[in-house]
Amino acid sequence: MTDEIFRLWVYLSATPLAGLALTLVAYTIAWGAYARSGFHPLANPVPIAVALVVAALAATRTPYATYFEGAQFVHFLLGPAVVGLAVPLARDLANVRRLAGPIAVALVAGSATAAASAVAIAWALGVSPATLLSLVPKSVTAPVAMGIAERLGGLPALAAVFAVATGVLGAVIGRAVFEAAGVTDARARGFALGLAAHGIGTARAFQVDATAGTWAGLAFGLHALIASFALPVVVVALRGG
C-alpha cells in the first residue's frame, strides 16, 4: 500500500495535477477534523487545510508557482461557486426588494466600518503605509482584495493574507459576537457575517442556517462590488487627489 501511494505521488508530482491533488487531500482531511469536532467554529477547515498545504510544500521544497499550476483549477471554480450563491437569493428576492433601503444603509455602514476600523488601529500601532493600504480591503474576498490593494499601492499578497485571516476570524467568533450583542434574526446575522467575513463567513452561515447563508451571500457579493469601486475613490480623495 505504501509503495502504491509513493508511486502515485511520483506520478502526480511530475504533472500539474499535484497541486490539485494536494489541495483536495488537505481539505478532505481538514473537513474530516471539522466534522469530528461537531462543526465547532474553532476547527474551521480553511486554516487547517492551508496549514497542511504549506507544510507539504515546505517539506517537499515545492515552489508556490509549481503548486498553483494544478491548484488553479480550484481557483477557477471560485467564480461559478460565487455565482451559485444567487440561486438561494433568487428564492428570497421579494424580501430583498422590500428591505432594499436598510440593506443599502447596512452595506455602506458595514463596509466603511470594516475598512476604517482596521486602518485606524494599524495606524495607531505605527505600521507602514503599504501595510495600511493592504488592510483597507481586508473584509472583501481575497481575489478582489488583492486587486484593490494593488490599485491603492498596497501589497496584493499581504492583502490576501489579511482577507483570509479576517474570514476565518469572522467565522470563528461570529456566533459569540451575535449572542453577546443580542442579534437573533437569521437575516441580520447572515448579512453581517457575509459583509465582514466574505466567502468564509458565508460558508459558515450556510452551515448554521439556510436563511442566514442566503443573506450572507447577498452581503458578500454586494460588498465585493461596492468596495471595488468605492475604496480606491475614497483613498485617492483622502490623499488629496
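Any read-out appearing in this document is the output of simple, stated calculations on the displayed coordinates, not a laboratory observation. Just so it is clear, the structure is predicted and the values come from calculations on it, not from any experiment. Please note: Cβ atoms are built from the backbone with ideal geometry, for glycine as well, and neighbour counts cover all protein chains shown.
Key figures
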| quantity | calculated |
| --- | --- |
| The chain: relative contact order as a whole-number percent, Cα under 8 Å and 6+ apart | 16 percent |
| Calculated Rg and Dmax of the chain using C-alpha coordinates, Å | 19.3, 65 |
| Ordering of 169-178, 99-108 by packing [mean C-beta count within 10 Å, highest first] | 169-178, 99-108 |
| Mean Cβ neighbour count within 10 Å, used as a protection proxy, ranking 214-222, 197-205, 142-150, 228-236 highest first | 197-205, 214-222, 142-150, 228-236 |
| HN-Hα J in Hz across segment 65-73 - Karplus 6.51, -1.76, 1.60, θ = phi - 60°, x for Gly and Pro | 4, 5, 4, 6, 4, x, 5, 5, 5 |
